[in-house]
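Only one structure is covered here, and it is reproduced in the block below.
The values are calculated or read from the model by the stated rules, or taken from the named source; none is laboratory data. Computed from a predicted structure; not experimentally measured. Please note: Cβ atoms are built from the backbone with ideal geometry, for glycine as well, and neighbour counts cover all protein chains shown. Quick note on the areas: whole protein, heavy atoms, side chains included, nothing else; ligands and nucleic acids left out. Shrake-Rupley method; radii C 1.70, N 1.55, O 1.52, S 1.80 Å.
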Amino acid sequence: MLTQALFRALDKKAIWVIGIFLAVAALVPMANLLIPPGQFGHVPTYLVSLMGKYLAYAILALALDLVWGYCGILSLGHGAFFALGGYAMGMYLMRQIGSRGVYGNPVLPDFMVFLNWKELPWYWLGFDNFWFAMAMVVFVPGLLAFIFGFFAFRSRVTGVYLSIITQAMTFALLLAFFRNDMGFGGNNGLTDFKDILGAPVQAPGTRAALFAATAIALALSVLVCSMIVNSKLGKVMVAVRDAESRTRFLGYRVEYVKLFAFTVSAIMAGIAGALYVPQIGIINPGEFEPGNSIEVVIWTAVGGRGTLIGPIIGAIVVNLGKSWFTTTLPEFWLFALGALFIFTTLFLPKGIVGLWTQFFGARRAKAEQPTAPTPAQSADIERGEDPDSFGDNPQPKPAE
Amino acid sequence: MSTASDTMLYLDGVSVAFDGFKAINNLSIIVKPAEMLAIIGPNGAGKTTMMDIITGKTSPDAGQVLFDGRTDLTKLDEAAIANLGIGRKFQKPTVFESHTVWDNLEMALKKPRGIFAALFYTASDADVARITEILETVRLYARKDELAANLSHGQKQWLEIGMLLAQDPKLLLVDEPVAGMTDSETEETAKLLREIATTRSVVVVEHDMSFVRDLGSRVICLAEGSVLAEGTLDQVSANPVVIERYLGR
């Protein structure tokens, strides 16, 4: 049963994407650690972290695409799941600081000592254990999405109303996490991390390993999404997107289909957040900012929703643009982002991927070879995948 | 209208109002197992609303709606009713346009509707044979790999009928199945529905009188949400009230 589903998932496109990200997971750390600095092909450590950040964003965009592109649920609150996963990782990293903090308290993180807390709140217990923290990375966003989705989908909240309440959800979390009483470091968030699994977070080896973990997680996310969208359930998801009530009359429980997609997607977003935080070195309530979630929507739209490659390309391309703009013309970035979104909506409804398939589709039609759609996809992948080729990019800040 | 036993569909004293407008007014209809019933009537007579009530889209303000002589449909939602064995074809053909003809039928095929059942579903040989058989019945085998969006209006109607067959329901509710079909397609559809009605109950809503005649079934004329006349097509269309309110002349 599972093997058949796995087999179905590994169609030509998915094999390409997964293969490329697995290769990236191996090659970039090697280029960073094995090739000495200054020599051709060396990838500096800051760049490894920067690319790791892009790939974490790519997982987030893919997660959004699963619900938006395939199931028609436009979530404007996916940043919340990302941030929750990030906080779970951040809590683990805080506990690893131990007595090396400014106040030297072996148990309490610095901000708790500063606030005169006497003991660790119950919800911090267990976070000194890596595997417990990783379980929470999956469990907390997943549970929130499940509860939220259960009520929203059962009440048949759809369309723009659902978008608004997802937005409200992330905003509510933003306000909650800003409060010092919440015990998550208030507006400073969690930072000043030292170790992860005993290895220093800042060390090039750790950063390379985190990058590799992110690339592998992205490859696995593509595999899981491919498995879902190529199954009959994936077809039902698209049916829900296109004709929700008709799907009900076929006997499918639309609310459960949506709930499944939403929960899986939130878990993926949480994992992305957990991979993001150690590479960036900080998690604060700003990650719950509604604007962040909207940006994810833009990445997905720009890359091409309803495809597995599109959101990955979109996340990488738009963030490359952001890195460039925020160092060169910082005051124009938001205008550029807005213009990009309007341009995409008006002229590229299927995003970059749509443009590519259109172009190659037209050429193929001319050549009269209605065979497997190979050139378009592999070309897409090369374009999206190739972040190591921008070595001469101006110095971006790894943590902004 | 006495007892609900031995009926496939039993509507008794059903009423529903939208903002004070009585779309269905004290409607009582019985459909027996393996029986075909044609429903005619002017626009706004409540034909589609009646189907909405049976399939759980609308819940009635009053009255009893029983399926198979015992199941109260007013308490169930659309998916539960569909899974009981009530299939519906919509007035406007609604197929899943971004899926292929084959996938449309595969989704409709009577199989467990659970999330994980669907996630790990692989078509068995029997499923493939059944879908192929349906495709041949609705004459879409040659177009099985095409997107449903590319079908003509009449072909979409047929695909939707095929999806109904795939669902293997006990009761079929068919809303204007021959709109947009050519005369020969209309005849074929009538033949197909008659064949289906030998084993299942079928309720057809239609305006096309020659098609209703082809069906050769009991006819009910609805007007303003209740039954105006009932009988064979000849009896109903000879009824002076029906002539005045619906047929004109």
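Being farther than 30 Å from B:Gly162 by Cα, open to solvent by less than 10 Å² (accessible area, probe 1.4 Å) and more than 14 Å from chain B (Cβ to nearest Cβ), is that true of even one residue in region A:280-287?
Yes, there is a match, as at least one residue in region A:280-287 is farther than 30 Å from B:Gly162 by Cα, open to solvent by less than 10 Å² (accessible area, probe 1.4 Å) and more than 14 Å from chain B (Cβ to nearest Cβ).
For B:Leu73, only one of the following conditions fails: (1) open to solvent by 40 Å² or more (accessible area, probe 1.4 Å); (2) without any contact (Cβ under 8 Å) to a residue 24 or more places away in the chain; (3) among the hydrophobic types (A, V, I, L, M, F, W, C). What is its number?
B:Leu73 satisfies all of (1) open to solvent by 40 Å² or more (accessible area, probe 1.4 Å); (2) without any contact (Cβ under 8 Å) to a residue 24 or more places away in the chain; (3) among the hydrophobic types (A, V, I, L, M, F, W, C) except (1).
How about region B:76-88: which of its residues are buried (at least 22 other Cβ atoms within 10 Å of the Cβ) and either at the interface with another protein chain (Cβ under 7 Å from one of its Cβ atoms) or touching a residue at least 40 places away in the same chain (Cβ under 8 Å) (or both)?
B:Glu78, B:Ala82, B:Ile86, B:Gly87, B:Arg88
Just checking, how many residues over region A:113-143 are of a type outside the set (A, V, I, L, M), assigned to a loop (DSSP other than H, G, I, E, B), open to solvent by less than 80 Å² (accessible area, probe 1.4 Å) and more than 20 Å from A:Ile196 (Cβ to Cβ)?
So the answer is 2.
Considering only region A:72-88, I want to know if a residue exists there that is at pLDDT 90 or above, in contact with a strand residue (DSSP E or B) (Cβ under 9 Å, 6 or more places away or on another chain), under 23 Å from A:Ala152 (Cβ atoms) and not β-branched (Val, Ile, Thr).
Looking through region A:72-88, at least one residue is at pLDDT 90 or above, in contact with a strand residue (DSSP E or B) (Cβ under 9 Å, 6 or more places away or on another chain), under 23 Å from A:Ala152 (Cβ atoms) and not β-branched (Val, Ile, Thr).
Have a look at B:Ala142, B:Ala118 and point out the one that is in a helix (DSSP H, G or I) and within 11 Å of another protein chain (Cβ to nearest Cβ).
The match here is B:Ala118.
Would you check which residues across region A:320-339 are open to solvent by 60 Å² or more (accessible area, probe 1.4 Å) and in contact (Cβ under 8 Å) with a residue 12 or more places away in the chain and list them?
Result: A:Trp324, A:Thr328.
Can you pull out the residues in region A:198-210 that are out of contact with any helix residue (DSSP H, G or I) (no Cβ under 6 Å at 6 or more places or on another chain) and either of a type in the set (A, V, I, L, M) or part of a loop (DSSP other than H, G, I, E, B) (or both)?
A:Gly198, A:Gln202, A:Ala203, A:Ala209
Which condition number in (1) touching a Pro at 6+ places or on another chain (Cβ under 6 Å); (2) over 27 Å from A:Leu125 (Cβ atoms); (3) surrounded by 24 or more Cβ atoms within 10 Å (Cβ to Cβ) is the one that A:Thr45 fails?
Status for A:Thr45: all satisfied but (3).
Pick out the one residue from B:Thr137, B:Thr55 that is touching a residue at least 24 places away in the same chain (Cβ under 8 Å) and more than 9 Å from every other protein chain (Cβ to nearest Cβ).
Exactly one of B:Thr137, B:Thr55 is touching a residue at least 24 places away in the same chain (Cβ under 8 Å) and more than 9 Å from every other protein chain (Cβ to nearest Cβ), namely B:Thr137.
Return the residues of region B:154-193 that are of a type in the set (Asp, Glu) and within 13 Å of chain A (Cβ to nearest Cβ); say none if nothing qualifies.
Once the filter is applied, which keeps residues that are of a type in the set (Asp, Glu) and within 13 Å of chain A (Cβ to nearest Cβ), region B:154-193 yields B:Glu160, B:Asp168, B:Asp175.
Which residues, taken from region A:260-275, are open to solvent by 10 Å² or more (accessible area, probe 1.4 Å) and either farther than 15 Å from A:Ala152 by Cα or at the interface with chain B (Cβ under 10 Å from one of its Cβ atoms) (or both)?
Matches in region A:260-275: A:Phe260, A:Val264, A:Ile267, A:Met268, A:Ile271, A:Leu275.
If B:Asp234 satisfies every condition in (1) out of contact with any strand residue (DSSP E or B) (no Cβ under 6 Å at 6 or more places or on another chain); (2) in contact (Cβ under 8 Å) with a residue 24 or more places away in the chain; (3) within 19 Å of B:Glu35 (Cα to Cα) but one, which is the exception?
Failing condition for B:Asp234: (2).
Within the group A:Arg207, A:Arg246, which residue is more than 14 Å from chain B (Cβ to nearest Cβ), among the basic types (Lys, Arg), over 25 Å from A:Gln4 (Cα atoms) and crowded, with 18+ Cβ neighbours inside 10 Å?
A:Arg207
Of the conditions (1) open to solvent by less than 20 Å² (accessible area, probe 1.4 Å); (2) out of contact with any Asp or Glu (no Cβ under 8 Å at 6 or more places or on another chain); (3) of a type outside the set (Lys, Arg), A:Met227 satisfies every one except a single condition; which number is it?
(1) is the only condition that A:Met227 fails.
Output the number of residues of region B:89-115 satisfying the condition of being open to solvent by 40 Å² or more (accessible area, probe 1.4 Å), in contact (Cβ under 8 Å) with a residue 40 or more places away in the chain and more than 8 Å from every other protein chain (Cβ to nearest Cβ).
3
Filter region B:46-67 down to the residues that are farther than 22 Å from A:Glu244 by Cβ and surrounded by fewer than 20 Cβ atoms within 10 Å (Cβ to Cβ) and list them by number.
Answer for region B:46-67, where residues must be farther than 22 Å from A:Glu244 by Cβ and surrounded by fewer than 20 Cβ atoms within 10 Å (Cβ to Cβ): B:Asp61, B:Ala62, B:Gly63, B:Gln64, B:Leu66.
Would you pick out the residues in region B:139-155 that are open to solvent by 50 Å² or more (accessible area, probe 1.4 Å) and either within 16 Å of B:Lys191 (Cα to Cα) or among the small types (Gly, Ala, Ser) (or both)?
Matches in region B:139-155: B:Arg139, B:Ala142, B:Ser152.
Between A:Leu60, A:Leu74, which is more than 14 Å from every other protein chain (Cβ to nearest Cβ) and buried (at least 24 other Cβ atoms within 10 Å of the Cβ)?
Just a single option satisfies the conditions, and that option is A:Leu60.
Considering region B:116-138 alone, what residues qualify as being open to solvent by less than 30 Å² (accessible area, probe 1.4 Å) and charged (D, E, K, R)?
Listed by number, the list holds a single entry, B:Asp127.
Taking region A:161-197, which residues are open to solvent by 70 Å² or more (accessible area, probe 1.4 Å) and assigned to a loop (DSSP other than H, G, I, E, B)?
A:Arg179, A:Asp192, A:Leu197
Which condition number in (1) within 14 Å of chain B (Cβ to nearest Cβ); (2) open to solvent by less than 50 Å² (accessible area, probe 1.4 Å) is the one that A:Leu6 fails?
With respect to (1) within 14 Å of chain B (Cβ to nearest Cβ); (2) open to solvent by less than 50 Å² (accessible area, probe 1.4 Å), A:Leu6 is out only on (2).
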